[in-house]
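The values are calculated or read from the model by the stated rules, or taken from the named source; none is laboratory data. Quantities reported herein were computed from a predicted structural model and do not represent experimental measurements. All Cβ positions, glycine included, derive from the backbone under ideal geometry; neighbour counts span all protein chains shown. Ligands, DNA and RNA are excluded from the accessible area calculation, which covers all protein heavy atoms including side chains. Shrake-Rupley method; radii C 1.70, N 1.55, O 1.52, S 1.80 Å.
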Amino acid sequence: MIEHSQIPIESASSESDLAGRRPTWAEIDLDAVAANFRAVRERVGAGVGVMAVVKADAYGHGAAVCARRLSAEWFGVALPEEGAELRRVGITEPVLCLEGFWEGQAELCLRERLTPVVYRREAAEALDAAAQTAGVVADVHVKIDTGMNRLGVRDEDAAEFAAVMREFKHLRVDGLMTHFAAADDAGQTCFTEEQLARFQAAQAAFHFHGHQPRFTHLANSATLFAYPAAHGNLVRPGGVLYGLWRDVLQPSSQTPSLHPVMSLRSRISHLKSVRTGETLGYGCTFTATRPTLVATLPIGYHDGYPRALSNRGRVIVRGQFAPIVGRISMDLTLVDVTGIHGVEVGDVATLIGTDGDQSISAEDLAQLAGTISYEITCGISRRVPRMSPKSF
Ligand SMILES: *Cc1c(COP(=O)(O)O)cnc(C)c1O
């Protein structure tokens, strides 16, 4: 059984444990984040910078603590608000706003020195005007849509947009980027190579129109592991930094030396024996076929533990798997602990992570729940405190 003393990683010295709180928490292993970052560095080699993507609160792992632990050249966020939050916690490196900015946020970008992605004339105009007022030249990165069909200047319009960008005297195109749709799928290699070729043509058009972006970046986690030719001089990994890779990288990728970062744990809050024929939980979806020892865990779907795992998932108690029985509810989950020797109220239940010889990954949960690991870790809600895994 695991003995933990958890330290809230946001305030490691002020609060020493979960005393006075519900015993449900996520452990964030920042040493693992640092090791994963080193693995990325080794993979891309010298001469290629790393933009650590910490959008969506670092995929649920905590953007502030993760960013502070990473010696990345750049950080990537989705929203300018997320970039401003990084500034607030002392991050001074360049920050790219991957989705651009919203109306009324041009000044925020300038004030916080956030570099926005630009792909629409209107946004470029707004930022140019704000930069003129502020008496500065603002850097932007232009995104080329080479086949994702989500964000970006369509590649056939790249030359026209390159010309348009020349009109703005207070903007400098300092980066050119694209995003791959299926780099995780070896069966889509032709599509990925076509995206790369379209990007290179767009890049030539920007050069032709006199732009000299210092940064060229295309590669998310899957791309940087599978397509060295698409590294550019800056890569944009997210998932692999958080040790998520089984449903992120091409299956052919050699098992990379990546370490899971998030563990999710709770403690048994109630134990009861139920008789054969009794049902468990909402909808009576589980019927005991033998005398069953049932443990209640104070965690539910509001915490981000997917309801789709009802009667399907499992947790680890005292180093043994305990299946989920009945429906997961908003705040509570039931597990079958029959046969787990010595089980008692207060025992740790591991929902993601390792206990003894057994492990459950976020990828395992995702597969059972019909989603991807990113949605699992992003979904662990604010109600679950993030702790340091240090045990002593
Ligand atoms: C989220 C994101 C990434 C990171 O993707 P991973 O699969 O997590 O490595 C890279 N680039 C862009 C544009 C993104 O939106």
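On a 0 to 90 degree scale, rounded to 10, what angle separates helix 30-44 from the longest Cα axis of the chain? That helix lies at roughly 40 degrees to the long axis. Considering only alpha-carbon pairs that sit under 8 angstrom and 6 or more positions apart, the relative contact order computed for the chain is 20 percent. Simple point charges give the picture: +1 on the Cβ of Lys and Arg, -1 on the Cβ of Asp and Glu, and for the chain a dipole about the Cα centre of about 680 debye.
Note down the relative contact order for the stretch 107-257 as a percent, whole number, built from C-alpha pairs under 8 angstrom at least six residues apart.
Working: 251 pairs, mean separation 29.0, N = 151.
Dividing the mean separation by the residue count of the stretch 107-257 yields 19 percent.
If R0 is 22 Å, what FRET efficiency do you get for Arg383 and Arg68 from their C-beta distance, rounded to 0.05?
On the way: r = 23 Å, r/R0 = 1.07.
The value I calculate is 0.40.
Our summary gives the stretch 269-392 a relative contact order of 23 percent, counting only alpha carbon pairs under 8 angstrom and 6 or more residues apart.
Bridgeable aspartates and glutamates around Lys55 (alpha carbons under 16 Å apart, same-chain partners fewer than 8 residues away excluded): Glu73, Glu81, Glu82, Glu85, Glu93, Glu99, Glu375.
Using a probe radius of 1.4 Å on heavy atoms only, what accessible surface per residue do you get for the chain? Whole Å² is fine. Let's see the in-between values first.
Numbers: 17350 Å² over 392 residues.
Ligands and nucleic acids excluded, the figure is 44 Å² per residue.
For the pair Ala201 and Arg121 in one chain, pulling the backbone fully straight at 0.36 nm per residue adds 26.8 nm over the alpha carbon distance.
The apolar share of the surface of the chain, taken as the fraction of accessible area on carbon and sulfur atoms (1.4 Å probe, ligands and nucleic acids excluded), comes to 50 percent.
Relative to the longest principal axis of the C-alpha atoms of the chain, give the angle of the C-alpha long axis of helix 121-134, reported between 0 and 90° and rounded to the nearest 10°. Rounded to the nearest ten degrees, it is 80. Packing-based ranking of 172-185, 357-370 yields 172-185, 357-370, ordered from highest to lowest mean Cβ neighbour count within 10 Å. Checking every one of the trypsin sites (Lys or Arg not before Pro) in the stretch 256-288 against DSSP loop status and a limit of 11 other Cβ atoms within 10 Å picks out Arg275.
About the Cα centre of the stretch 242-392, how large is the charge dipole given +1 on each Lys and Arg Cβ and -1 on each Asp and Glu Cβ? Please answer in debye to the nearest 20.
Numbers: 15 positive and 12 negative charges, 55 e Å.
So the magnitude is around 260 debye.
Ranked by the mean number of other Cβ atoms within 10 Å of their residues, highest first, the peptides 137-146, 212-221 fall in the order 137-146, 212-221. Projecting label points 7 angstrom from Cα along Cα→Cβ for Glu156 and Glu278 puts them 6.7 nm apart.
What FRET efficiency, computed as 1/(1 + (r/R0)^6) with R0 = 25 Å and r the Cβ-Cβ distance, is obtained for Thr296 and Ser359, rounded to the nearest 0.05? It comes to 0.60. Here the label points at Phe191 and Glu167, each 7 Å from Cα along the C-beta direction, are separated by 3.5 nm in the simple model. Across the chain, Cα-Cα pairs farther apart than 37 Å form 31% of the total.
Taking Tyr374, Tyr301 and ordering them by how much accessible surface each has at a 1.4 Å probe, largest first, produces Tyr301, Tyr374. Dividing the helix sum by the residues of the chain, where each DSSP H run of 4 or more adds -39500 (n - 2.57), gives a mean residue ellipticity at 222 nm of -8000 deg cm²/dmol.
Counting charges near Val384 (Lys, Arg +1; Asp, Glu -1) among other residues having Cβ under 11 Å from its Cβ returns a value of +4. Think of the stretch 260-308 as having a plus end and a minus end, set by charges on the Cβ of Lys, Arg, Asp and Glu; of Cys284, Ala295, Val261, Ala295 sits farthest toward the positive end of this dipole.
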